[in-house]
Amino acid sequence: MARYTGPCCRLCRRENIELFLKGERCFTDKCAIKRRNYAPGQHGQSRVKVSPYGIQLREKQKVRRIYGILEKQFRGYFEKAERMKGVTGENLLFLLERRLDNIVYRLGFASSRTQARMLVRQGHFDVNGRRVDIPSYQVKVGDTVTLREKSRAVGSIIESLEAVVRRGIPQWLELDKDGFCGKVKSLITREDITTPIQEQLIVELYSK
């Protein structure tokens, strides 16, 4: 499976926003964007005038990096969002939010989406009682995501659940911490996605 294997903090600095790609480290003073709040590279501190296309491209790259998706798969999500009823940009975000690895992260079983993807691939979770190891699996309203019995002693998962209070659980999800499970209790609305994303810029970029 193709994936980005370079330095994560470099991506945050390039997009000039905290993408929370390294879990708990992003909440500490060790966060790279807090120490060096400028783009990486030799000319990172130079003033550069960005074109309208450049602004659209950066927004698309930012969303891709937040959810850890490569270009081909991201384009596929956009094309699917276009075919759905409603606003294309919002549909795109809803599809990304309903990925199983994102649900695992949002529920607090992992400290980052990268860690959540790894845990899903290793088969630590059931969806409605059936083992699912596909990070891109689309979770629906009413579905229950449960940590498997043998995985409930994994140290990283326990630590993530203890720290979930800092991040909070979205209103459309419900966590049973004692039962090691979570449920999608309602449809996602645009107001539920608090990450600063201008999805219309992505629509404009792909519509050219």
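The values are calculated or read from the model by the stated rules, or taken from the named source; none is laboratory data. None of the values given here were measured: they were computed from a predicted structure. Because the Cβ atoms are built from the backbone with ideal geometry, glycine has one as well, and the counts that use them run over all protein chains shown.
Taking the conditions exactly as written (at pLDDT 90 or above, out of contact with any Asp or Glu (no Cβ under 9 Å at 6 or more places or on another chain) and either closer than 25 Å to residue 167 by Cα or surrounded by 15 or more Cβ atoms within 10 Å (Cβ to Cβ) (or both)), does residue 67 satisfy them or not?
No, not satisfied.
Check off (1) in contact with a Gly (Cβ under 7 Å, 6 or more places away or on another chain); (2) farther than 17 Å from residue 99 by Cβ; (3) touching a residue at least 12 places away in the same chain (Cβ under 8 Å) for residue 174 and give me the number that stays unchecked.
Exception for residue 174: condition (3).
Considering 150, 80, which residue is surrounded by fewer than 21 Cβ atoms within 10 Å (Cβ to Cβ), of a type outside the set (A, V, I, L, M) and either under 25 Å from residue 202 (Cα atoms) or touching an Asp or Glu at 6+ places or on another chain (Cβ under 7 Å) (or both)?
Criteria check complete, one pass: 80.
Consider segment 135-164. How many of its residues are within 12 Å of residue 124 (Cβ to Cβ), assigned to a helix (DSSP H, G or I) and among the hydrophobic types (A, V, I, L, M, F, W, C)?
1
When segment 178-204 is examined, which residues are found to be surrounded by 14 or more Cβ atoms within 10 Å (Cβ to Cβ), under 18 Å from the mean Cα position of the chain (by Cα) and in a helix (DSSP H, G or I)?
Passing the criteria: 192, 199, 202.
From the list 92, 96, exactly one residue is free of Cβ contacts under 8 Å to residues at least 40 places away in the same chain, within 15 Å of residue 199 (Cβ to Cβ) and part of a helix (DSSP H, G or I). Which is it?
None of the others qualify; the one that does is 96.
I need a count of the residues in segment 86-101 that are crowded, with 22+ Cβ neighbours inside 10 Å and acidic (Asp, Glu).
1
Could you please find all residues in segment 104-145 being among the hydrophobic types (A, V, I, L, M, F, W, C) and either surrounded by fewer than 22 Cβ atoms within 10 Å (Cβ to Cβ) or out of contact with any helix residue (DSSP H, G or I) (no Cβ under 8 Å at 6 or more places or on another chain) (or both)?
Once the filter is applied, which keeps residues that are among the hydrophobic types (A, V, I, L, M, F, W, C) and either surrounded by fewer than 22 Cβ atoms within 10 Å (Cβ to Cβ) or out of contact with any helix residue (DSSP H, G or I) (no Cβ under 8 Å at 6 or more places or on another chain) (or both), segment 104-145 yields 118, 127, 132, 134, 141.
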